[in-house]
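These notes concern the structure reproduced below.
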Amino acid sequence: MFALAPSAISAATSLVSSASSVVGSVSVAPQATDPSFGQMLDKMTTDVVSSVKTGEAAAISAVEGKISVQEAVDKIMSAERSLQTMIAVRDKVVGAYQEISKMTI
């Protein structure tokens, strides 16, 4: 059975939060109704943490026999996909920040 350690969740959250704070400090005149990129990252982080918690709860429920193993695996795999997507976004944000920091002024 696959379960994500709380340390992995907190590490992912802190990495994304730090990337969000870096990106949130860069402003590009957004439309009045559009959320900022930092707000989008914040929502994505919240959704990923929620998904991981749901996956962990499903794993516990499956062990207790409350839900089927297939349901638990589906929720855990969904959480894993969400986390992998968030890690990929974080890597792209960090890479973009590094490229910007290398630019000469």
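The values are calculated or read from the model by the stated rules, or taken from the named source; none is laboratory data. The structure presented is a predicted model; accordingly, all values stated were derived computationally and were not measured. Methodologically, a virtual Cβ is constructed for each residue, glycine included, from the backbone with ideal geometry; neighbour enumeration extends over all protein chains shown.
Is it true that Glu64 is loosely packed, with under 12 Cβ neighbours inside 10 Å and either modelled with pLDDT of 95 or more or of a type in the set (D, E, K, R) (or both)? Against the criterion (loosely packed, with under 12 Cβ neighbours inside 10 Å and either modelled with pLDDT of 95 or more or of a type in the set (D, E, K, R) (or both)), Glu64 qualifies.
Taking the listed residues Ser78, Ser14, Ser20, Ser10, the one that is at pLDDT below 80 and in contact with a Gly (Cβ under 9 Å, 6 or more places away or on another chain) is Ser20, with no other qualifying.
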